[in-house]
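K.L.:
Take a look at the following structure, please.
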Amino acid sequence: MEGEFMAEKQGLILVNTGNGKGKTTAALGLAMRAWGQGLKVLVVQFIKGNWKYGELEAARRMGPDFVIRQMGEGFVQHCTENERPNHELAAAEALHTAKEEIAAQKWDMIILDEINYAVKFGLVAVDDVLSLLEEKPAALHVVLTGRDAHPQIVDKADLVTEMKEIKHHHKKGIKAQKGIEF
Ligand code: ATP
Ligand code: MG
């Protein structure tokens, strides 16, 4: 690209939030665009679903410059008191991994998938996320996804997009579809 948009490399903080579908898939679209430009992309998933996600197979085929690490424990909203420590441990491990990978300086883009949700449910402290963003290398792009992004994270970000539900097929009883939900 030429002209005024071709600025020097500056790492951005991006947030995909809101109650509509598309937060994770938009981040993966961005990841594909970045990968196609030769950037190295890491996805750290803070909340793991129990589906066989298509993007895991895609990343496997794309090779070492597009890596997805599933760290979370699944959905926490309805977990019992007994299960909660497992979620906390998994989230702490995910955060630790994210910090390590950032410090390793081998990635151009890191996606922290569902980290907003982990903050919302108290599995990750917002201050830890803020310091991670504060300390990131200047050229690294960081994308944070999940509903109900914390206001301090929104404040810190350069680009924030809210997905807004207009319609969702679940509401009329259509189940999750291969290639759309997983
Ligand atoms: P996707 O991974 O499809 O981009 P998302 O990241 O925006 O979705 P999450 O909050 O991570 O959404 O929820 C994951 C799952 O919940 C997805 O399979 C998605 O289809 C479903 N979902 C997302 N938004 C809604 C909604 N408004 N109503 C019902 N189900 C939803
Ligand atoms: Mg998501």
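K.L.:
For the chain, what is the relative contact order in percent, using Cα pairs closer than 8 Å and at least 6 residues apart in sequence?
P.N.:
Working: 309 pairs, mean separation 67.2, N = 182.
That works out to 37 percent.
K.L.:
What's the extension gain from Ser131 to Ile174 if we count 0.36 nm per residue and subtract their Cα-Cα distance? All intermediate terms of the calculation are to be shown ahead of the outcome.
P.N.:
Values: separation 43, 0.36 × 43 = 15.48 nm, distance 4.10 nm.
Extra length available between Ser131 and Ile174 comes to 11.4 nm.
K.L.:
Now for a separate question. For the chain, set up a GNM with springs between Cα atoms under 10 Å and report which of Asp113, Asp148, Asp158 has the largest fluctuation.
P.N.:
Looking only at Asp113, Asp148, Asp158, the biggest GNM fluctuation is shown by Asp158.
K.L.:
Under 17 Å from the Cα of Lys120, which lysines turn up, not counting those fewer than eight places away in the same chain?
P.N.:
Straight-distance partners of Lys120: Lys23, Lys48, Lys156.
K.L.:
What whole-number value in Å² describes the accessible area per residue of the range 1-135 for a 1.4 Å probe? Don't skip to the end; give the middle numbers.
P.N.:
Working: 7700 Å² over 135 residues.
In whole numbers, the range 1-135 has 57 Å² accessible per residue.
K.L.:
Hey, with R₀ at 35 Å, roughly what FRET efficiency would Asp155 and Arg61 work out to, going by the Cβ-Cβ distance, to 0.05?
P.N.:
Using R0 = 35 Å, I get an efficiency of 0.40.
K.L.:
Using the Cβ atoms and a cut-off under 15 Å, what net charge is assigned to the surroundings of His87, where Lys and Arg are +1 and Asp and Glu are -1?
P.N.:
Numbers: positive: Lys48, Arg84, Lys120; negative: Glu73, Glu81, Glu83, Glu88, Glu93, Glu114.
Local charge sum for His87: -3.
K.L.:
Distance between the C-alpha centers of the range 141-182 and the range 71-128? Whole Å please.
P.N.:
With the range 141-182 and the range 71-128 each reduced to a Cα centre, they are spaced 17 Å.
K.L.:
Accessible surface of Trp35 in the full protein assembly, 1.4 angstrom probe, to the nearest 10 Å²?
P.N.:
For Trp35, solvent-accessible area is about 90 Å².
K.L.:
For the range 96-163, what is the charge dipole size about the Cα centre, in debye to the nearest 20, if Lys and Arg each add +1 at the Cβ and Asp and Glu each add -1 at the Cβ?
P.N.:
Working: 6 positive and 13 negative charges, 11 e Å.
Once rounded to the nearest 20, the dipole reads 60 debye.
K.L.:
For the chain, what is the convex hull (Cα atoms) projected area averaged across all directions, in square nanometres?
P.N.:
Values: hull surface 45.9 nm².
For the Cα atoms of the chain, the hull's average projected area reads 11.5 nm².
K.L.:
For a 29 Å ceiling on Cα separation, which of these pairs sit above it: Lys52/Lys172; Lys52/Lys136; Lys40/Lys171; Lys106/Lys175?
P.N.:
Lys52/Lys136; Lys40/Lys171; Lys106/Lys175, as the Cα separations exceed 29 Å there.
K.L.:
Tell me the mean residue ellipticity at 222 nm calculated for the chain from its helices only (DSSP H runs of n ≥ 4, each -39500 (n - 2.57), averaged over every residue, nearest 500).
P.N.:
-11000 deg cm²/dmol
The values are calculated or read from the model by the stated rules, or taken from the named source; none is laboratory data. The shown structure was predicted, so the numbers you read here are calculated from the model rather than taken from an experiment. Ideal geometry is used to build each Cβ from the backbone, glycine not excepted, and the neighbour counts take in all protein chains shown. Side chains included, ligands, DNA and RNA excluded: accessible areas come from the protein's heavy atoms. Shrake-Rupley method; radii C 1.70, N 1.55, O 1.52, S 1.80 Å.
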